[in-house]
Every structure is written in structure tokens, then in C-alpha cells.
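Step one of this worksheet: look at the structure below.
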Amino acid sequence: MGIVGAGPAGIYAADLLTKDETLAASGTKLSIDVLDKLPSPYGLVRYGVAPDHPRIKQIQGALHKILDKPEIRFLGNVTYGVDLKLEDLRRHYDAVIFSTGSDRDRPLDIPGIDLPGSHGAADFVFWYDSHPDVSPEWRVDGTSVAVLGAGNVAVDVARILAKNADDLLSTDITDNVHQGLKAKGITDVHVFARRGIAQGKFTPMELRELDKQPGVEVIVYPEDFEMCEASLAAAEDSNQVKTNVKILQNWAIREPRGEERRLHLHFLHRPVEVLGTDRVAGLRTERMELTGDGGVRGTGEFVDHEVQAVYRAIGYLGSPVADLPFDEERGVIPNDGGRVLDMDDQPIPGVYATGWIKRGPVGLIGHTKGDALETVTNLVADRGSFAPAEAPEPEAFTALLAERGVPFTRWEDWQRLEAHEEALGEPQGRKRIKVRSREEMTRIARGEA
């Protein structure tokens with residue numbers, strides 16, 4: 001079995017395959033390769049979770065235990081679509097699951113969005129998480145910046161922009177990230193949500209964290225507190241919505257603390273134009289009003305905000321996967337319950353998808369477990385309908401990689417790299433300091449440094 005993508009979705013799928021009672025009862029000998037384009041595993045947990053969220057990063061411990069299973073083999077630094085094609089995978093594996101995630105920002109088609117100083121959140125997140133495929137250079141411009149969105153990613157981006165860089169020194173950030181954030185002169189971060197306070201997609205935990213930063217004051221505007229029937233019903237039916245509304249209401253009525261940095265939360269503001277000529281100089285929003293059914297409509301009233309940078313956090317999209325159909329609008333591989341569909345909406349034998357590349361970037365990391373269960377259940381049910389691999393021996397696949405000159409990393413190589421990162425952090429009392437360069441990661445992992 002081959003799995004392309006070593007993030008939580010792919011690793012959970014591998015775990016479920018090892019636990020499947022139908023396969024166990026049939027005496028099926030299971031061998032699973034989990035491939036990743038990076039020399040390291042864990043995907044979103046390593047390169048998508050904010051560095052000041054060590055509690056969430058602890059999920060790596062559970063993922064580690066899964067990859068440590070004898071039936072599972074991790075092979076990193078293998079780029080599907082470059083080093084391998086689908087026909088290669090189908091020759092060596094009975095079935096293949098794609099779990100490549102969502103790594104692009106959803107576009108926002110408004111005037112000025114392409115001005116210098118306008119950024120996608122994914123690029124910024126990958127930078128502060130030291131993703132090896134993103135430039136180490138990032139200039140955090142301006143004293144006043146805008147973040148567009150009302151989800152956890154928008155909240156993360158706003159928090160990192162407002163935070164004192166030295167408060168991140170206990171995390172795994174690299175020196176270039178610390179220096180880049182330390183050089184910023186931001187005093188005001190403005191978060192703009194198109195809908196109302198009851199429609200925010202952030203979790204209460206993420207929301208509360210905004211107000212726990214030394215030197216940062218969260219400001220909420222009472223005039224944004226419109227509640228329609230659908231909003232009231234949402235607050236009644238969902239503890240998360242009810243808690244979010246209560247938190248925001250308490251912030252709106254409290255006295256200002258006079259902190260040196262401010263984080264402004266604006267609701268019912270739709271971005272309509274990024275202002276500026278040579279670079280970002282402002283943001284124009286339209287005031288919205290609730291329609292009573294949870295939706296919003298424009299009022300025709302526009303507000304200009306003076307900002308020097310804009311960070312777009314309105315959702316992620318997956319990237320096209322070589323040799324497979326792709327739904328560009330949704331950013332997913334077309335599928336039915338994880339069964340990948342061809343151009344005629346027919347299942348492609350032996351090819352499956354799970355995680356965000358299957359259903360889009362919805363839900364928290366833990367939600368990918370149920371998603372993987374659906375895919376694995378369908379794969380197991382289909383196992384008699386696709387042709388077995390021609391060369392299923394594990395050595396045959398690694399021989400192919402070696403023949404093509406792919407400097408792949410194994411599980412023990414990742415453990416060597418992990419130990420190196422932990423050793424880098426130890427003198428500073430930190431759990432680890434990431435190695436940023438892909439080349440350096442590979443050399444250290446393979447014992448060539």
C-alpha cells in the first residue's frame with residue numbers, strides 16, 4: 001500500500017489500515033509506505049501550526065507511534081510528479097492513497113490585491129514555520145496591517161503579527177524568523193470578517209489567546225454586534241458560537257487598558273479594494289448587514305482604513321496532483337467517499353484520497369481521522385476489484401528511487417534529524433530548533449553532514 005503525504009491525514013489512514021479487522025481476518029500481509037516530498041514527516045503539524053501552539057504540536061507524539069509500527073515505512077524527500085508518476089506507484093502498490101493536503105491560498109478577486117505588501121496567509125505561515133520550500137526572507141512592513149478572514153488561520157496570523165518576537169524564543173522558530181519579527185514596527189493589527197460575530201469560524205481557545213499576549217490589547221467595536229434570528233439560534237444551538245459571542249461581548253464593553261499594541265476585530269466588513277499605487281497604502285471595506293438567515297448583504301457604505309500590508313486568510317486550496325483529475329474551483333481531487341473519480345465520474349481502480357485534498361480545508365486536525373476511516377473502509381471493500389501490484393516487494397520500490405538518484409530519507413533518518421534539532425534547542429532550554437534548508441535537512445538525516 002502506498003500513501004502520498006505524511007501529514008496527519010496520511011498517517012491516520014496508515015494506522016487505520018493496520019487496525020482493519022477485515023484485513024486481519026483475511027490474513028492479509030500488510031506493508032505500507034508513507035511518502036512525503038519533505039525529508040521530515042508530520043506535514044501540517046510541523047509546518048502549519050503556529051510555533052506558540054506547543055500543545056497542538058504534541059500530536060506529533062501520537063503520529064510518531066504510528067510511523068514506528070513495523071508494518072509502516074516512512075520515505076521522505078520523494079516528490080510525487082517529479083521523482084515518480086502514478087504508473088510507478090501502481091506497479092509497486094496494490095492501492096495508493098493521496099493525502100497531499102492544501103498548500104495554496106484561496107484567491108480574492110478585488111482591485112489591488114496583487115500590490116506589493118499584499119500577502120497570502122499560507123506564504124506567511126510557511127515562513128514563520130520555517131518551511132524549506134519558502135524563502136527565509138520576509139519583510140514585515142508597516143505599523144498598521146490588515147488580516148482578512150474569520151477562521152483560526154486569520155487569528156494565528158494576527159496573533160503572530162501583534163506578538164513581541166522575544167515571546168517566541170521558547171518555541172522552535174529559526175533565527176531568521178525571530179529577527180524578521182523583531183524588526184517589525186507594527187502597533188495595530190486589524191482583522192476583518194465579512195459576516196457577524198456569530199458566524200466566526202475560530203475556536204474559543206484560539207480567540208481567547210489573542211487577549212493573553214503581554215503588551216497587546218484586543219479591541220472590539222460595539223457597532224459590529226448585530227445579531228439576527230439565525231445568529232441567536234446559532235448561539236443557542238452551539239456551545240462554540242455561544243462562547244465566542246460571550247467573549248467578544250465582554251471585550252466590547254470593558255475599559256481600554258492602554259497597551260502599546262492593539263489588535264482590532266472588525267465584523268460585518270467586506271474587503272472590496274486594496275488601496276495604493278506602488279504598494280499597499282490602505283484597505284476599503286463595505287459595511288454589511290445580516291439578512292436574518294445567517295447571510296449578509298452590502299449596505300453601500302464604504303470605509304477606508306490606513307494600512308501598509310494586507311494578509312489574506314480566507315481559506316486554503318489544494319494543488320493539482322500529477323496524473324489525476326483536479327477540481328480547481330474547490331482545490332480537491334474529485335472523489336466519491338475517497339474513491340478518486342476520472343473525467344467520466346467513474347472510480348479509478350486502486351486510487352484514493354483522504355484529508356484536505358479529498359474534502360477541502362475544513363475542520364481541525366483531529367477531524368481527519370473520520371475522513372480517513374471513510375476512505376480506508378471503501379478501499380478495503382474494493383480490494384478485490386483492482387489489479388495487484390507487479391512488484392510489491394519493499395526493496396523493489398527503494399531500488400527504483402536509488403536508480404533515479406532520489407536522496408530519500410527513511411524513518412531512522414528522520415529520527416537522526418529530530419535528535420539534531422533537539423540538540424540545537426537544548427542549550428537554550430527549547431524542545432528543538434528547526435533546520436530550515438531542505439539540503440541541510442537531507443544531509444543531516446542521511447548522516448552525510
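The values are calculated or read from the model by the stated rules, or taken from the named source; none is laboratory data. What you see is a predicted model, and the numbers here were worked out from it, not measured in a lab. Here the Cβ is made from the backbone with ideal geometry for all residues, glycine too, and neighbour counts use every protein chain on show. Surface areas here come from the heavy atoms of the whole protein model, side chains and all, with no ligands, DNA or RNA. Shrake-Rupley method; radii C 1.70, N 1.55, O 1.52, S 1.80 Å.
Between Met227, Met343, Met288, the Gaussian network model of the chain with springs among Cα atoms under 10 angstrom shows the greatest mean-square fluctuation at Met343. Sites listed here are trypsin sites (Lys or Arg not before Pro) in segment 4-86 whose DSSP assignment is loop and whose Cβ has at most 14 other Cβ atoms within 10 Å: Lys29, Lys85. Comparing Ile97, Ile219, Ile110 in a Gaussian network model of the chain, where Cα atoms under 10 Å apart are tied by springs, the biggest mean-square fluctuation is seen for Ile110.
With both bridge residues required to lie in the chain, what share of the DSSP beta bridges run antiparallel, to the nearest 5%?
Here the antiparallel bridges make up roughly 40 percent for the chain.
The portion of the accessible surface of segment 265-307 made up by carbon and sulfur, rounded to a whole percent, is 41 (1.4 Å probe; DNA, RNA and ligands excluded).
In terms of the Cα gyration tensor, with a ≥ b ≥ c the square roots of its eigenvalues, is segment 171-308 rounded because a/c is under 1.5, prolate because a/b exceeds b/c, or oblate?
In terms of gyration-tensor shape, oblate.
More than 14 angstrom separation, counting every C-alpha pair in segment 294-353; what % is that? Above the 14 Å cut-off, segment 294-353 has 69 percent of its Cα pairs. Listed cross-link partners Lys69/Lys369; Lys212/Lys369; Lys29/Lys369; Lys29/Lys358; Lys57/Lys182; Lys57/Lys212 are compared with a 21 Å cut-off, the Cα-Cα value being larger for Lys212/Lys369; Lys29/Lys369; Lys29/Lys358; Lys57/Lys182.
Classify segment 35-81 as rounded, prolate or oblate from the Cα gyration tensor: take a ≥ b ≥ c as the square roots of its eigenvalues, call it rounded if a/c is under 1.5, otherwise prolate when a/b beats b/c and oblate if not. Oblate, since a/c reaches 1.5 and b/c is not below a/b.
When the chain is treated as a Gaussian network with alpha carbon springs shorter than 10 Å, the biggest mean-square fluctuation among Gln213, Gln199, Gln58 belongs to Gln58. Taking a ≥ b ≥ c as the square roots of the eigenvalues of the Cα gyration tensor of the chain, is the shape rounded (a/c under 1.5), prolate (a/b larger than b/c) or oblate? Taking the square roots of the gyration eigenvalues as a ≥ b ≥ c, the chain is prolate. Rounded to 0.05, the FRET efficiency of the Glu273 and Thr18 pair, given R0 = 56 Å and the Cβ-Cβ distance, is 0.60.
Ligands, DNA and RNA left out, the 1.4 Å accessible surface of segment 72-208 is 48% carbon and sulfur atoms. Distance from the C-alpha centroid of segment 125-148 to that of segment 392-416: 33 Å, rounded to the whole angstrom. Other residues within the sphere of radius under 14 Å centred on the Cβ of Ile72, judged by their own Cβ, net out at -1 (K and R +1, D and E -1). The sum of -39500 (n - 2.57) across all DSSP H runs of n ≥ 4, divided by the residue count of the chain, sets its helix-only mean residue ellipticity at 222 nm to -9500 deg cm²/dmol. In a fully extended conformation the segment linking Glu236 and Glu137 would gain 31.0 nm over its present Cα-Cα distance, using 0.36 nm per residue. With all protein chains kept in place, the per residue accessible area of the chain amounts to 44 square angstrom at a probe of 1.4 angstrom.
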